[in-house]
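The structure appears right after this line, and notes come after that.
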C-alpha cells in the first residue's frame, strides 16, 4: 500500500473516533447564563416613580410612551426630557427612562438617548426589541 493512502485512512479513523466521542459524551453542568441587568433603572417601577419609555426608530425619530409623543431629533428629545425632569422634581417623584431601540435602528441613536440621560442625571435602562413584521 502507498504511504499517502495509509495516512489518509488514519486521519479518517481519528476523525470518526473524535466525532463518536463527541456524540456520546455527556455535558455534566446545566448552568444557565443570567443576562446582565440594568443597574440604573429596575424593570419594575418603584412606588411613586415615573418611568417613561423612549422608542428609538431606524430613521432617528424618538417616540415616547408608545407613540403618544413623536420627537424628530435629539434636540427635541433633550428639551422634552428636561421638561419632564423638572415636572417630576416639582411633583416630588423619582424619574427614570427605559430606552427601547428597534433591532434595526443604528446604535448612535440609542447612545444619543443614553448620553442625554447621563447629562441630565436620569437613571436609564436599555432594551433592544425585534417586532414581528406583517
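Whether a residue is within 16 Å of the chain's Cα centre (by Cα) and part of a helix (DSSP H, G or I) was assessed, and residue 110 passes this test. If you go through region 93-110 and keep only what is in contact (Cβ under 8 Å) with a residue 40 or more places away in the chain and farther than 13 Å from residue 124 by Cβ, you end up with 93, 102, 104, 105, 106, 109. Looking at (1) modelled with pLDDT under 80; (2) closer than 21 Å to residue 119 by Cα, which is the one condition that is false for residue 75? Residue 75 satisfies all of (1) modelled with pLDDT under 80; (2) closer than 21 Å to residue 119 by Cα except (1).
Would you please name the residue that is surrounded by the fewest Cβ atoms within 10 Å (Cβ to Cβ), looking only at residues in region 82-105 that are modelled with pLDDT of 85 or more, outside any strand (DSSP E or B) and touching a strand residue (DSSP E or B) at 6+ places or on another chain (Cβ under 7 Å)? By that ranking, first place goes to 93.
The values are calculated or read from the model by the stated rules, or taken from the named source; none is laboratory data. All values derive from a computational prediction rather than experimental measurement. Virtual Cβ from ideal backbone geometry, glycine too; neighbours counted across all protein chains shown.
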